[in-house]
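Following: one structure in structure tokens, then a few remarks.
Read-outs throughout are calculated quantities, based only on the coordinates presented, and are distinct from any laboratory measurement. What you see is a predicted model, and the numbers here were worked out from it, not measured in a lab. Neighbour counts run over all protein chains shown; Cβ positions are idealised from the backbone, glycine included.
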2 protein chains.
Amino acid sequence: MDDGLLIVISGPSGAGKGTICKKLLTEMDFLKVSVSATTRKPRKGEIDGISYYFIEEEEFIKRIKNGEFLEYAKVYGNYYGTPKDEVFKQLKEGNDIILEIDIQGALQVKKNYPMGVFIFILPPSLKELQNRIEGRGTDSKEVILRRMECAYDELNYAFEYDYVIINDQVDKATEKIKHIILAEKNKAVRNKAIIRKIREEL
Amino acid sequence: MDDGLLIVISGPSGAGKGTICKKLLTEMDFLKVSVSATTRKPRKGEIDGISYYFIEEEEFIKRIKNGEFLEYAKVYGNYYGTPKDEVFKQLKEGNDIILEIDIQGALQVKKNYPMGVFIFILPPSLKELQNRIEGRGTDSKEVILRRMECAYDELNYAFEYDYVIINDQVDKATEKIKHIILAEKNKAVRNKAIIRKIREEL
């Protein structure tokens, strides 16, 4: 059996990654989520082991040294990382995993697992991005300013990704990603086992 | 504006390329078809300039020498080819072109236009392939035998393609190709103009 898909949803903060991922998980029930580890404090409503694995910085650094992360990054003073073992186990079992991560993390995953499907979510405009970050009401003015500056720099990375989705309407953006996921399942390189089987029959 | 998609539908004779292409053209009305040139005699119901451009061998060879074909091949004693000028003009205008061609032709197109979307249609089994070719009732026993031998060899080329579709049910196979077409439109390399625009606004 061929491996499942590792679908990496990434893009600037406020582009709408989270909303899109939630919608995808509802509408494509075969998708599994990868839970990240972080040293950031839980936001209201976030649950340990579901939203994130919330761990202390000392423990996080120990795991980095042990090579236990598929990717990790320090963003706005906090560490975020994806545990390798969980993800690889799921892929080997043929499960499709969705990974919502920032751009630094996505580029590391690409290096460690180039077979992944890398999708970059773009805001339709700078103004819209600012509105969304402010509307979330979770960040200080300073943090918002830093996020906006980052977004500008991060656009340079769009071409490191396989796909780029402009998130002007969440429904439309989600539909596009659904097509991508269903299309990627038919990639020749992902169907070596099946093609081999037909050839043997012939 | 970025170029349209050149969608190349290929695979062994009898795999169902033609039926799938007809269905795609009905269900995705933005797709345009590329009309091939051939020296083969028209089958019943085929119309010159729509099914094919039916031309004489002398004229065909002249056009090969002039480099007027995106691809050409001699198959079962007849020449088949895709005129370059028509296809490139359509792509530049942003139109998506669908090209139904044999494997030799598809590999040439890949060399000349690697930005194309290369889709390999596979029969679910050898027996099914034989049933289909015989059911068509247009080929002699000798031709059928040659086609079957070719199909076996041609399976080796599956990995030269981007996607592989097993055509066990035409509806399902067509659905998969629709996902591929809609997904490919979001490829980062195909959206340079749009990404540049957003970056300039930011």
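Among beta bridges from DSSP that stay inside the range A:12-90, the antiparallel ones total about 75%. Of all complete DSSP H helices in chain B, those with a Cα span along the helix axis of 18 Å or greater and a mean Kyte-Doolittle hydropathy of -0.5 or more are B:170-184. Name the residue from B:Asn191, B:Ile103, B:Tyr79 whose Cα lies farthest towards the positive end of the charge dipole of chain B, charges +1 on Cβ of Lys and Arg and -1 on Cβ of Asp and Glu. It is B:Asn191, whose Cα lies furthest towards the positive end. Once C-alpha pairs closer than 8 Å and six or more residues apart are averaged by separation and normalised to the residue number of chain A, the relative contact order reads 32 percent.
Annotation: Cα Rg of the range B:132-187 relative to the compact-globule expectation 2.2 N^0.38 Å equals 1.48.
The alpha-carbon atoms of the protein assembly as shown, seen along their principal axes, cover 75, 46, 32 angstrom, with the largest extent given first. Compactness of the range A:71-132 was expressed as the Cα radius of gyration divided by 2.2 N^0.38 Å, which yields 1.33.
Taking one quarter of the surface of the C-alpha convex hull of the range B:3-91 gives a mean projected area of 6.4 nm².
With the alpha-carbon atoms of the range A:39-154 aligned to their principal axes, the span from lowest to highest coordinate is 42, 31, 25 Å, starting with the largest. Packing, taken as the mean count of other beta carbons within 10 Å per residue, orders the peptides A:106-112, B:60-66 from highest to lowest as A:106-112, B:60-66.
Give, rounded to the nearest 20 debye, the magnitude of the charge dipole that the range A:55-202 has about its Cα centre when Lys and Arg contribute +1 at Cβ and Asp and Glu contribute -1 at Cβ. Rounded to the nearest 20 debye, it is 660 debye. Take every DSSP beta bridge whose two residues both sit in chain B; close to 30 percent of them are antiparallel. A viscosity of 1.306 mPa s and a temperature of 10 °C, combined with the Kirkwood radius over Cα pairs in Stokes-Einstein, give a translational diffusion coefficient for the range B:6-201 of 89 µm²/s.
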